[in-house]
1. Could you work out how far helix 224-237 tilts from the main Cα principal axis of the chain, as a 0 to 90 degree angle to the nearest 10?
2. With a Förster radius of 41 Å, plug the Cβ-Cβ distance of E13 and M213 into 1/(1 + (r/R0)^6) and report the FRET value to the nearest 0.05.
3. On a full-extension model of 0.36 nm per residue, what is the gain between E80 and A92, subtracting their alpha-carbon distance, rounded to one decimal in nm?
4. For the chain, report the convex hull volume of the alpha-carbon atoms normalised per residue, in Å³, without decimals.
5. Which FRET efficiency value, to the nearest 0.05, is calculated for N280 and D34 with the Förster distance at 22 angstrom and r the Cβ-Cβ distance?
6. For each of V272, V220, V119, count neighbouring Cβ atoms within 10 Å of the residue's Cβ, then give the residues from fewest to most.
7. What number, rounded to the nearest 500 deg cm²/dmol, is the helix-based mean residue ellipticity at 222 nm of the chain, given -39500 (n - 2.57) per DSSP H run of at least four residues and division by all its residues?
8. If you fit an axis through the alpha-carbon atoms of helix 113-126 and take the longest principal axis of the Cα set of the chain, what angle between them do you get, 0 to 90°, nearest 10?
Amino acid sequence: MDYNKILSDIYDEIQPLAGQGKQADYIPELAKVDPDQFGMSLETISGEMYSISDADVRFSIQSISKVFSLALCFSVVGDELWKRVGKEPSGAAFNSLIQLEIEKGIPRNPFINSGNLVVADILLSKLEYPEEKFISFVRSLAQNEEIDYCMRVAHSEREKSYLNAAIVNILKYYGNIENDIERVLHFYFMMCSVEMSCAELARAFIPFANHKMPFDYAGVTLTSSQIKRMNAIMQTCGFYDEAGEFSFLVGLPGKSGVGGGIAAIHPMRYSVAVWSPRLNDKGNSIMGMKALELLTTKTEESIF
Ligand code: GLN
């Protein structure tokens with residue numbers, strides 16, 4: 001497969017989409033990002049890396065961090081997790097409140113905000129130094145010790161966190177949050193604020209693509225079966241109320257974030273990360289979605 005040519009053809013073919021959509025502005029720091037950037041990196045499980053354009057520029061990974069926090073939580077508490085969070089697609093916006101109230105404080109899945117706030121709460125209860133543990137896990141996955149939180153983005157999000165604060169209050173009311181609400185929000189925003197490039201994200205997702213390889217990063221271990229189950233949740237829940245559309249157009253498990261990044265995997269083949277800050281109205285990167293659709297069209301391979 002000539003991935004260099006495929007990436008360069010994709011780059012040319014997405015150009016007509018330039019200027020469509022806008023970057024997330026409910027987090028003031030994200031509104032400052034130059035929206036007209038695009039990067040893409042693909043790494044095969046045998047370790048070849050292919051990149052194009054702004055693939056080495058770091059950006060706010062936002063909800064892509066939910067894959068890392070789920071992996072950490074799954075490794076610490078195993079199937080106990082599913083007593084407090086479901087594994088069904090929500091069909092609702094990532095920050096929706098309505099479903100949570102109707103379903104009495106049990107979030108549909110760990111990849112929407114409510115579900116990941118519960119994951120954050122579990123990590124706070126179970127780990128002695130949760131912030132240190134989380135970042136060392138991500139650094140180990142990406143094999144890069146320089147990856148870090150961005151306090152500026154985390155604080156900026158806290159200042160305008162009306163919806164997430166409402167969500168965590170509903171969760172607390174229904175008894176699904178053990179820790180102090182402020183601590184849970186702080187840790188959740190910290191995890192969302194991590195900055196990584198496409199190349200770093202592609203590297204960090206290789207262990208999810210290569211699920212037959214032993215998973216042991218910074219002391220965090222998962223079985224092959226647990227990794228496959230995480231991939232199943234990426235497939236069904238990775239794109240909020242656009243999970244069906246992504247499955248239809250792209251056909252790979254993945255996870256998006258409002259920073260404009262998307263990471264996806266082709267099991268036992270490759271991991272891929274794209275980034276472009278302009279989002280559609282569901283909160284997913286317009287150019288990123290198209291680039292991945294073109295990837296599985298041009299390679300004629302998806303998981304289906
Ligand atoms: N930090 C963001 C929020 O909680 C993450 C949302 C996202 O990337 N979809 O609203």
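1. Approximately 90 degrees, to the nearest 10.
2. 0.80
3. Contour length minus the Cα-Cα distance gives 1.8 nm.
4. Taking only Cα atoms, the chain has a hull volume of 111 Å³ per residue.
5. After rounding, the FRET efficiency stands at 0.75.
6. V220, V119, V272
7. After summing the helix terms and dividing by residue count, I get -14000 deg cm²/dmol.
8. It is inclined by approximately 60 degrees.
A short reminder: the numbers here are calculations on the coordinates, not readings from a lab. Everything quoted here is computed from the prediction, not taken from an experiment. Ideal geometry is used to build each Cβ from the backbone, glycine not excepted, and the neighbour counts take in all protein chains shown.
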